[in-house]
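The values are calculated or read from the model by the stated rules, or taken from the named source; none is laboratory data. Keep in mind the model is a prediction, meaning the values are calculated, not measured. Using ideal geometry, Cβ is built from the backbone for each residue, glycine included, and neighbour counts are taken over all protein chains shown. All accessible areas refer to the heavy atoms of the entire protein, side chains included, with ligands and DNA or RNA removed. Shrake-Rupley method; radii C 1.70, N 1.55, O 1.52, S 1.80 Å.
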Amino acid sequence: MAEERSTKTDTTVRDEPGTNPKHPNHLSRLDLVLPLTVISTILSKLDVRSICSAAATCRSLRHCASQTLTFVSSFHVNDIAPSLDLLRPILRQNPYLKSLKLDCARLDDSSIEMLARPSLNEIYLHNCENLSGKLLSQLGEKCRDLRTLYLSSLAERRRLVVQFSDLEELLSGCSHLETLILALDVSKFDNPKFAEVWAAASEKLTSLEIGYIPMAMLSALLTLSAGSHQPEHRMRPPIFPSLQKLCLSVDSITDSLVTSISIGLPCLTHIDLQDSPFVEPTAATDLTNNGLQQINQHGKLKHISLTRSQEFLFTYFRRVNDLGILLMVNTCSALESISLGGFCRVTDSGFREILYSCPKLRKLRISHGSQLTDLLFHDIFATSLSLTHVSLRWCNLLTNPGIEKLSFSKELCVLDLRDCRKLTDPALKSLSSLSKLQTLLLDGTDISDLGLSYLGHGNCQLVSLSLRGCRKLTNACISSIFSGSSARSLQILDLSRLPNLSDDGIFLLAKSRVPIVELRLRECPHIGDASVMALASMQLEGGLLGSSLHLLDLYDCGGITPLSFRWFKKPYFPRLRWLGVIGSVNRDMVDALARRRPFLHVACRGEELGTGYWDSLSGWYRHEEDEFDELEQWLLEGDDEDDEGEEMEG
């Protein structure tokens, strides 16, 4: 019996697959438990991040994952910027790859051959500043079956060449494109034939988004498009015959621009125009009531966004009033979302026409509505609307009674009240009953700790909460937020520019053990090293130290010293991808941190962190799913031992 028990014990040790990854027979023992072909089949059903999670556990799964990645159909890695040397052994020659999403901040033209794969149907490439226009021509030459293309910041690094012929080859080669998003300045493609080259674009193109296009280039394109739809030009193939969504940033939105778009794009259902005038528009170079009346000549629009940015000049749509809104909604009863920014002469009467004339409306965004008051929502409960997204930024006449009426919209999930400075605690008491509310932005309002306690004990299941610049808040606001159950799902929290917030408040946050993913504390004068230590030491159930934080913004926090940088070494903050600090604290230490953690974005100039901070053109605010660091662990396996012996400078 003793021998039998001993044999059983020995067998258990030998057959256990994960106890000793360095054992020479480790791989074969896992194979005895479960065939590697079965493991590979299971891994092939997972996304890249899940495959990498498995690969980081043991050498056997790492081996299977390496094989699996040679035939995955989707490779999506947006939270880190891998180098070509790291990507090449993972991607290899994968003829089955259909979808590729990458942060290209560390890639240059030497990676184009790997990026332009003939098998791809979908490509999203962010931060392409080190890639030249050659990328476009190669995509057009090799990716003939491409359906979706997104490019941002192409060739923004100085002296990188972008030629008109690159765009020409892209449009002529990718004849099946359905979605094209060029988040860049297309003036670099300025050419007398700019409009004509789009005649070769895919007839299947349904969505076109351009970061910025000069008015002269856009006018030529729209003139050619409108002409191609006229009866006398039936022999000429129409330009953009299927285009349904158009998003553009231009110099100035005018009547002629709106009319040309409406006439030249008969299938349009989604129009998004933003301008940033350098000088005050004249009557001939501005949008008026007449232009709004022409916006939906084919009667198909479901989404309208017209925004005047204040980037260069404090200017508004001064030639549009309530009559213009009335003329617009008379032809837009099927609207599902509308965004109006800078319409300073439109009053409650005009905005109410939208609510009463568009029964399918779900998303309402009004910014710089200087004449919008509580009367807009006075009897909203009497309508059939089911609003899910409402944004009322810079509507300074809005007060608590208006929010109380708005709270009758029980389907609300996103509410943006930033810079509505007359809102106080009773507004939050009204909102606390909204059980579907997930995103609430309260920057610059006049709320206090008491108001947040209403939210904390209410029915909201908040995922994102922004309190930036709410100057009445103190350390007690942390207890107010987390004392109830409604904030246990909170993942994104902005406590920037709170003059009364100190390290004691962050201690309370760490003690709550809520798995915050993004935490912004910028420009808080009393936040210091102790806060960093508390967050680094924060341990969730079964997790690592500081394990939940994906983004931490400490820019211009008064108490941050070089001591804080010691807490950003591993194993602390293992999932941190974005860190905001002031480089002048100790530039050498910032550089050393960047070398030690190459996948950590360290921002030192005060820029906003993250890939989707609050607003986005298409969906306003969208929170990406929590992303972890198993890919980094796998790519750099073995580096940790070397790092342990190194000490950061300073």
Just a yes or no: is a residue in region 50-71 under 28 Å from the mean Cα position of the chain (by Cα), surrounded by 15 or more Cβ atoms within 10 Å (Cβ to Cβ) and modelled with pLDDT of 80 or more? no
If I go through region 77-121 residue by residue, how many of them are open to solvent by 20 Å² or more (accessible area, probe 1.4 Å), farther than 29 Å from residue 551 by Cβ and within 24 Å of the chain's Cα centre (by Cα)? 2
Evaluate the following for residue 172: is it closer than 23 Å to residue 221 by Cβ, open to solvent by 50 Å² or more (accessible area, probe 1.4 Å), over 23 Å from the mean Cα position of the chain (by Cα) and touching a residue at least 24 places away in the same chain (Cβ under 8 Å)? yes
Filter region 586-598 for residues that are surrounded by fewer than 18 Cβ atoms within 10 Å (Cβ to Cβ) and either touching a Gly at 6+ places or on another chain (Cβ under 9 Å) or not in a loop (DSSP other than H, G, I, E, B) (or both) and give the result. 587, 588, 591, 594, 595, 596
Residues in region 535-551: is at least one open to solvent by less than 30 Å² (accessible area, probe 1.4 Å), over 27 Å from the mean Cα position of the chain (by Cα) and small (Gly, Ala, Ser)? no
Which of the residues that make up region 332-389 are among the aliphatic types (A, V, I, L, M), part of a loop (DSSP other than H, G, I, E, B), under 30 Å from the mean Cα position of the chain (by Cα) and at pLDDT 95 or above? 334, 335, 361, 372, 387
Conditions (1) over 19 Å from residue 207 (Cβ atoms); (2) out of contact with any helix residue (DSSP H, G or I) (no Cβ under 8 Å at 6 or more places or on another chain); (3) open to solvent by less than 60 Å² (accessible area, probe 1.4 Å): number failed by residue 278: (3)
Looking only at region 179-197, count every residue that is farther than 18 Å from residue 134 by Cα and either of a type in the set (Gly, Ala, Ser) or touching a Leu at 6+ places or on another chain (Cβ under 6 Å) (or both) and tell me the total. 1
I'm trying to understand the selection: among the residues of region 395-415, which are open to solvent by 10 Å² or more (accessible area, probe 1.4 Å), outside any loop (DSSP other than H, G, I, E, B) and not aliphatic (A, V, I, L, M)? 400, 401, 404, 405
The conditions are (1) open to solvent by 20 Å² or more (accessible area, probe 1.4 Å); (2) touching an Asp or Glu at 6+ places or on another chain (Cβ under 8 Å), and residue 190 fails exactly one of them. Which is it? (2)
Every residue in region 556-602 that is of a type in the set (Gly, Ala, Ser), in contact (Cβ under 8 Å) with a residue 24 or more places away in the chain and out of contact with any helix residue (DSSP H, G or I) (no Cβ under 9 Å at 6 or more places or on another chain), please. 558, 580
Any residue at all in region 304-316 that is surrounded by 23 or more Cβ atoms within 10 Å (Cβ to Cβ), outside any strand (DSSP E or B) and touching a strand residue (DSSP E or B) at 6+ places or on another chain (Cβ under 9 Å)? no
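At pLDDT below 95 and open to solvent by 10 Å² or more (accessible area, probe 1.4 Å), is that true of residue 486?
In short, no.
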How many residues are modelled with pLDDT of 95 or more, over 17 Å from residue 563 (Cβ atoms) and of a type outside the set (D, E, K, R) if we restrict to region 510-550? 3
Residue by residue through region 493-530, note down the ones that are under 27 Å from the mean Cα position of the chain (by Cα), within 21 Å of residue 483 (Cβ to Cβ) and not β-branched (Val, Ile, Thr). 493, 494, 495, 498, 509, 510, 513, 515, 519, 521
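Report, by residue number, each residue of region 148-162 that is charged (D, E, K, R) and open to solvent by less than 10 Å² (accessible area, probe 1.4 Å).
none
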Any chance you could count how many residues in region 192-229 are part of a loop (DSSP other than H, G, I, E, B), modelled with pLDDT under 95 and of a type in the set (S, T, N, Q)? 1
